[in-house]
Amino acid sequence: MSDPLHELERQVERGNLFAHSALSEQASRVHEGDALVNGLVALLVQRGVVDADELMAAVDSARTAIESNGRSPSVDVAVRVDREGPAQIEVEIDCEARIPYCRAACCRFHFPLSVEEIESGVMKWDLGRPYFNRHGAHGYCHQFDGETHGCGVYEQRPAPCRQYSCAGDARVWKDFDAMVPNTEWLDEHFAQLDRGPVELFMDAQQKR
């Protein structure tokens, strides 16, 4: 028998994907309009029709007025688009030996999923922050196994996970070779669960 809550969640995901795809299309049109306006302004300045300094002062004044009135547009939505070309080489790290020191910090990072990863259903996205990878109540990626400290979808893990290396990440290590973790950064960020209201609601429903 199908799980009604899971089906509802899936429908919300697909509905949001449609809505945000439409928003992305509109954003593309806005960018075209920006290019047209910028080109027109550049032409007017070049021909001496308007003064560049006066124009920038007017723009700054208008921007300040818009922001002070709370009318600055913002859509916190991100879908990852990977660049075409040769695939990046996956970096091999002995995670099992390092987890006692780094506390699997990389599994707490947020990153946007690609359309393919969203559609596959392997990785769930944060309903309160489309389309970033979802984290569980423990603050880690929802596919992180708290007992084994392993990835539940290791063979199907997203590209950012495959290509990430903590070797040069100063957030995690003060000295990578000596396994000296950056405890100050880890302690500060491990204290922040950063979970949205929708995710908290879903957790509460699943515990019933």
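The values are calculated or read from the model by the stated rules, or taken from the named source; none is laboratory data. Bear in mind that the values here come from a model prediction, so they are computed numbers and not experimental data. So basically every Cβ, Gly included, is an ideal-geometry build from the backbone, and we count neighbours across all protein chains shown.
Condition check: farther than 30 Å from residue 80 by Cα and either surrounded by 13 or more Cβ atoms within 10 Å (Cβ to Cβ) or hydrophobic (A, V, I, L, M, F, W, C) (or both). Does residue 42 satisfy that? Taking the combined requirement at face value, the residue satisfies it. In region 1-30, the residues that are within 17 Å of residue 121 (Cα to Cα) form Cβ pairs under 6 Å with partners that are loosely packed, with under 12 Cβ neighbours inside 10 Å, at six or more places apart or across chains, as follows: 5/205. Residues of region 180-203 include at least one that is modelled with pLDDT of 95 or more and either within 23 Å of residue 80 (Cα to Cα) or of a type in the set (A, V, I, L, M, F, W, C) (or both). When region 91-104 is limited to residues that are in a helix (DSSP H, G or I) and in contact with a strand residue (DSSP E or B) (Cβ under 8 Å, 6 or more places away or on another chain), the one that is surrounded by the most Cβ atoms within 10 Å (Cβ to Cβ) turns out to be 102. State yes or no: is residue 120 closer than 22 Å to residue 9 by Cβ, among the hydroxyl-bearing types (Ser, Thr, Tyr) and in contact with a Lys or Arg (Cβ under 7 Å, 6 or more places away or on another chain)? No, not satisfied. Criterion applied to 154, 164 was being among the hydroxyl-bearing types (Ser, Thr, Tyr) and surrounded by 15 or more Cβ atoms within 10 Å (Cβ to Cβ), and the one residue passing it is 164. When every residue of region 69-76 is checked against the conditions, at least one turns out to be at pLDDT below 80, surrounded by 10 or more Cβ atoms within 10 Å (Cβ to Cβ) and under 30 Å from residue 163 (Cβ atoms). Residues in region 146-192 that are on the phi > 0 side of the Ramachandran plot and either in a strand (DSSP E or B) or in contact with a Phe, Trp or Tyr (Cβ under 8 Å, 6 or more places away or on another chain) (or both): 179 alone. Applying a threshold of 6 Å to beta carbon distances and a minimum spacing of six or more residues, or different chains, the list of pairs starting in region 102-122 at a residue that is within 22 Å of residue 171 (Cα to Cα) and in contact (Cβ under 8 Å) with a residue 60 or more places away in the chain and ending at one that is outside any helix (DSSP H, G or I) and aliphatic (A, V, I, L, M) reads 102/172; 105/172.
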